[in-house]
Amino acid sequence: MLTRRQLLRASAAAPILLNRAPQLFAAEYDLVIKGGRVLDAAQRIDRVADVAIRGGKIVAIRPNIASSSAAEVIEAGGKLVTPGLIDIHTHVAEKELTPAQCLSTGVTSQVDGGSRGALNVDELIKVAQNAPNRVRILLNISGRGLADGGTELLDIDKADVPAARRAVERSRDWIVGIKARLSRSVAGEHDLEAVRRARQVADPLKIPIMVHVGDTASPLPGILALLRPGDIVTHMYAPAPHGMLDDNGRVLPQVLDARRRGILFDVGNGRTAHWTWEVAERAIQQGFLPDTISSDLTAAGLTDQVINLPNVLSKFLLLGMPVDQVIARATTNAARAIPELRSYGTLRTGAIADVAVFDLREGDFDFVDNYKTRRTGHRKLVPYAVVMGGKRVNNA
Ligand SMILES: [Zn+2]
């Protein structure tokens, strides 16, 4: 019979042996992505290297990590290896567009841009809870959001500040900001009042506001004057009336000043009157590049104009932006734009292993703006493999 002391010693030793045994036989890494061009603006990395993942995290980026040290290998020679994409303006309220579809194109984190408001946001929270990727929400300042037929602020009293504040407080894990859609068709003459009410919700909670601009009742400078550092202007390249350019095609001084103050400018491709090649081109020629590039993807966008975020990113390759800068707008910069997503969008050691692998195809590819004006580009980002939290989620 064992003495009490022997028993204690035996039971103390057992868990250690049990813990160690599996690791003795397991591969050093769960997954290694080999030989791709690794782009991570957060670390100023743009070089061919291998990326090693263990326990759902990035553990190394260096040349020549042996395949034999990995349980699984993705051969990425000739491809781009980037942080999982972050799409800060999407819509996931429709059954026909699922977060899984976005994830399959490299989008490991996405933000719903105001599909629902305080009265019906639980629908969106349910989508986010069941999503295979990371879905967060910008709460529409109007109670029912897009479920109101796209005219949610024509009656400004639908923007109920206490109700919106309570909705955010109830769901801080999911709701990361406030959305206000300001076009005349949505808000009539109430654009500035809608921003003021969004402000009243967002400021005490220290969360950002995203405003949707383009064809607003008020000129853009009046809207920008109500924004604070960290707020986001989506549909930045919306055409006149009340776009970011003056009559001579120059970026308005108030827009330059807003950027200097820390207000962020986002693309939001979408489908109707949100951007033209001409506005984007003129602004970019003057050095006014987007802070973030987002899709504004809806179910209809899956087959019309938007397609997916990598397709939208490819439009900015056509407009002359280098590929590393384009990827930064949907990774590093996007993570910085949404405070709750700040730790994502990078391949830094210790970060959650969200990774996208792309083919950068060469050829002739047609792309369109919101007026279906066609331009032909010669490079296109095509999703090849996606890793979410260290696990490969689709195959090429
Ligand atoms: Zn939208």
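The values are calculated or read from the model by the stated rules, or taken from the named source; none is laboratory data. The structure presented is a predicted model; accordingly, all values stated were derived computationally and were not measured. Quick reminder, even Gly has a Cβ in these numbers, built from the backbone with ideal geometry, and neighbours come from all protein chains shown.
Can you tell me which residue is surrounded by the most Cβ atoms within 10 Å (Cβ to Cβ) among those in region 88-109 that are away from the ligand (no atom under 12 Å from the Cβ) and closer than 15 Å to Ala330 by Cβ?
Ranking the candidates gives Gly106 first.
Enumerate the strands (runs of 3 or more DSSP E) found wholly within region 23-139, keeping only those where 3 or more residues are closer than 16 Å to Ser295 by Cα. Break it down into steps so the answer makes sense when it comes.
Details: elements: 29-40, 45-54, 57-62, 70-75, 80-83, 85-90, 107-117.
Of the strands (runs of 3 or more DSSP E) lying wholly inside region 23-139, those with at least 3 residues that are closer than 16 Å to Ser295 by Cα span 85-90, 107-117.
Return the residue satisfying two criteria in turn: it lies in region 218-242 and is over 16 Å from Val111 (Cβ atoms) and in contact with a Ser or Thr (Cβ under 9 Å, 6 or more places away or on another chain), and of such residues it is surrounded by the fewest Cβ atoms within 10 Å (Cβ to Cβ).
Pro241
Taking the options Arg172, Arg181, name whichever one is away from the ligand (no atom under 16 Å from the Cβ), closer than 17 Å to Pro208 by Cα and within 20 Å of the chain's Cα centre (by Cα).
Values: Arg181 fails: away from the ligand (no atom under 16 Å from the Cβ).
So the residue among Arg172, Arg181 that is away from the ligand (no atom under 16 Å from the Cβ), closer than 17 Å to Pro208 by Cα and within 20 Å of the chain's Cα centre (by Cα) is Arg172.
Out of contact with any Lys or Arg (no Cβ under 8 Å at 6 or more places or on another chain), within 29 Å of Leu360 (Cα to Cα), touching a residue at least 12 places away in the same chain (Cβ under 8 Å) and of a type in the set (Lys, Arg) - does that describe any residue in region 158-171?
no
Need pairs with beta-carbon distance below 7 Å; first residue more than 13 Å from the ligand (Cβ to nearest atom) and within region 292-310, second among the aromatic types (Phe, Trp, Tyr); sequence gap 6+ or separate chains.
Partner pairs satisfying both residue conditions: Ile293/Phe316; Pro310/Phe358.
List every residue pair whose Cβ atoms lie under 8 Å apart, where the two residues are 6 or more positions apart in sequence or sit on different chains, the first residue falls within region 94-114 and is without any contact (Cβ under 8 Å) to a residue 60 or more places away in the chain and within 23 Å of Val81 (Cβ to Cβ), and the second residue, located anywhere, is part of a loop (DSSP other than H, G, I, E, B) and more than 12 Å from the ligand (Cβ to nearest atom).
Within 8 Å, the pairs are Pro99/Ala131; Pro99/Pro132; Pro99/Asn133; Ala100/Ala131; Ala100/Pro132; Ala100/Asn133; Gln110/Asn133.
Specify which of the listed residues (Gln286, Gln200) is surrounded by 15 or more Cβ atoms within 10 Å (Cβ to Cβ) and either within 16 Å of the ligand (Cβ to nearest atom) or at pLDDT 95 or above (or both).
Gln200
Tell me the residue from Leu192, Leu146 that is within 17 Å of His212 (Cα to Cα), within 16 Å of the ligand (Cβ to nearest atom), outside any strand (DSSP E or B) and not polar (S, T, N, Q), please.
Of the residues listed, the single one that is within 17 Å of His212 (Cα to Cα), within 16 Å of the ligand (Cβ to nearest atom), outside any strand (DSSP E or B) and not polar (S, T, N, Q) is Leu146.
In this structure, is Ala147 surrounded by fewer than 18 Cβ atoms within 10 Å (Cβ to Cβ), at pLDDT 95 or above and of a type in the set (Gly, Ala, Ser)?
yes
Of these, Leu256, Leu313, which one is touching a Leu at 6+ places or on another chain (Cβ under 6 Å) and either outside any loop (DSSP other than H, G, I, E, B) or surrounded by fewer than 22 Cβ atoms within 10 Å (Cβ to Cβ) (or both)?
Going through Leu256, Leu313 in turn, the sole match is Leu313.
Checking the structure you have, find out if any residue of region 266-276 is more than 23 Å from the chain's Cα centre (by Cα) and more than 16 Å from the ligand (Cβ to nearest atom). Give the steps one after another, and end with the answer.
Pass one, region 266-276, residues more than 23 Å from the chain's Cα centre (by Cα): none.
Checked region 266-276: no residue is more than 23 Å from the chain's Cα centre (by Cα) and more than 16 Å from the ligand (Cβ to nearest atom).
For region 258-279, what are the residues that are out of contact with any helix residue (DSSP H, G or I) (no Cβ under 8 Å at 6 or more places or on another chain) and small (Gly, Ala, Ser)?
Once the filter is applied, which keeps residues that are out of contact with any helix residue (DSSP H, G or I) (no Cβ under 8 Å at 6 or more places or on another chain) and small (Gly, Ala, Ser), region 258-279 yields Gly262, Gly268, Ala273.
Being over 13 Å from the mean Cα position of the chain (by Cα) and outside any loop (DSSP other than H, G, I, E, B) is the filter; apply it to region 290-304 and report the residue that is surrounded by the most Cβ atoms within 10 Å (Cβ to Cβ). Even if it seems obvious, please write down each step before you answer.
So in region 290-304, the residues over 13 Å from the mean Cα position of the chain (by Cα) come out as 290, 298-304.
Now narrow it down to the ones that are outside any loop (DSSP other than H, G, I, E, B): 300-302.
Details: Ala300: 16, Gly301: 21, Leu302: 16.
Residue satisfying both the conditions and the ranking: Gly301.
Condition check ((1) part of a helix (DSSP H, G or I); (2) hydroxyl-bearing (Ser, Thr, Tyr); (3) within 16 Å of Val213 (Cα to Cα)) across all residues:
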| residue | (1), (2), (3) |
| --- | --- |
| Asn269 | no, no, yes |
| His274 | no, no, yes |
| Ala280 | yes, no, yes |
| Ile284 | yes, no, no |
| Phe288 | no, no, no |
| Val306 | no, no, no |
| Gln325 | yes, no, no |
| Arg336 | yes, no, no |
